[in-house]
Every structure is written in C-alpha cells, then in structure tokens.
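Shown next, in structure tokens, is the structure this report addresses.
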Amino acid sequence: MRHGKKFNHLGRTASHRSAMLSNMACSLIEHKRINTTVAKAKALRVFVEPILTKAKEDSTHNRRIAFSYLQSKEAVTELFRNVAPKIANRNGGYTRIIKTGFRPGDAADTALIELVDFNELYNPNAEEKKATRRSRRTTKKEAAAVVAAPVVEETPAVEEPIAEATEEKTEE
C-alpha cells in the first residue's frame, strides 16, 4: 500500500531522476520556460521552488547549495544575477504550469512550465508600458524658450586664411 507516499518516481531510478530534474531546472532558469509532460512539470516545480527561495538571499552558502542541486555554474550565475532580483518580493509561487494538450507520438499530457515574473504577456501584475505620442509641434514653453534665447553669431576663423591664400596667388 502506498498510503501517504506523494513522491512521483517518474519511472526512473533515484540517480536518473535527480539528474533529469537538475537538467530541467537548469533549462528552466536559463530559458525561463520549457515544454515537458505534466508529471515532470509538477515534479520540477517541487524541485526548483526551494532553490529559487534560497536564491533570494545572495550569499556564498546559498550559491553553494544551489550549485549542489543544479551542477551548472552558468545556471547558478543566471539564477543569482537575473532571476533572483526579479522574484525578490514574491513569497513563493515562482512557477506556473500551463497545460498545452497532448503529444502526438504517445498522447502524453504536455505542459509549459515557466517562471511567473518573466512572462510579459500573461502577467497581470506587470506594469503596462504607456504608449507615448510625440508630435512635431513644440509646446508653448519650448517655443517661448527658443524665441527668448539670444542668437550668437560666430565669425568663422577658417575663412580668413583661405582669403589670404587667394590674395597671395592673385598678387603673383
């Protein structure tokens, strides 16, 4: 009987499962979203969210813990440099799983797992960019400033040597 056993073994040995989840977590951190099966996405969410929580505080100890799970220097650097500042004010729930239908080969349930703060289209709390319209006409303040500015005429110093050179040639 499997009473209370919630862990999904995904049909793999422990070493294979940990290596697969580590690779998937590195891909998720580097690419911000990956396509996989629903079962793997749910297992990955349980695996990666504690790592993301550790990454919110940048210390040598937390970097070493993250590296022990991920086994990739590039993923750890990306995690602490780009991902952690963006999720710093979020209290959990760093990933989103969106079901995408069935895989054609074996009809497995597929899903898209992504980091919540990196999706600009689906993120309702993201700040909307204001569309600014810029006209060619100047405002009244700018026009008054342009009229009030004194016009300074500069005498070009380049013309005199040229004129002297032409006068010398005409005298000869």
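The values are calculated or read from the model by the stated rules, or taken from the named source; none is laboratory data. Remember, predicted model here, so these are calculated numbers, not experimental data. Please note: Cβ atoms are built from the backbone with ideal geometry, for glycine as well, and neighbour counts cover all protein chains shown. Surface accessibility is based on the protein's heavy atoms, side chains included, excluding ligands, DNA and RNA. Shrake-Rupley method; radii C 1.70, N 1.55, O 1.52, S 1.80 Å.
Going by what's in this entry, would Ala25 be described as within 20 Å of Asp109 (Cβ to Cβ), open to solvent by less than 70 Å² (accessible area, probe 1.4 Å), part of a helix (DSSP H, G or I) and among the small types (Gly, Ala, Ser)?
no
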- [ ] Please go through the range 65-85 and pick out each residue that is in contact (Cβ under 8 Å) with a residue 24 or more places away in the chain and either under 16 Å from Pro50 (Cα atoms) or of a type in the set (Asp, Glu) (or both).
- [x] Tyr69, Leu70, Gln71, Glu74, Ala75, Glu78, Leu79, Phe80, Val83, Ala84
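Quick check on Lys56: is it more than 16 Å from the chain's Cα centre (by Cα) and on the phi < 0 side of the Ramachandran plot?
So Lys56 fails the test.
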Open item on the list: Every residue in the range 45-59 that is closer than 19 Å to His31 by Cα, free of Cβ contacts under 8 Å to residues at least 24 places away in the same chain and either among the hydrophobic types (A, V, I, L, M, F, W, C) or not in a helix (DSSP H, G or I) (or both), please.
Closed with: Val46
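So that you can scan it fast, the table gives a plain yes or no per residue for (1) surrounded by 15 or more Cβ atoms within 10 Å (Cβ to Cβ); (2) modelled with pLDDT of 95 or more; (3) among the aromatic types (Phe, Trp, Tyr); (4) assigned to a helix (DSSP H, G or I):
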residue	(1), (2), (3), (4)
His61	no, yes, no, yes
Ile65	yes, yes, no, yes
Glu78	yes, yes, no, yes
Arg81	no, yes, no, yes
Asn89	no, no, no, no
Gly92	no, no, no, no
Lys99	no, yes, no, no
Task: Conditions (1) over 18 Å from Phe118 (Cβ atoms); (2) touching a Lys or Arg at 6+ places or on another chain (Cβ under 9 Å): number failed by Lys42 - done: (2)
Open item on the list: Can you report the number of residues in the range 101-116 which are outside any loop (DSSP other than H, G, I, E, B) and free of Cβ contacts under 8 Å to residues at least 12 places away in the same chain?
Closed with: 2
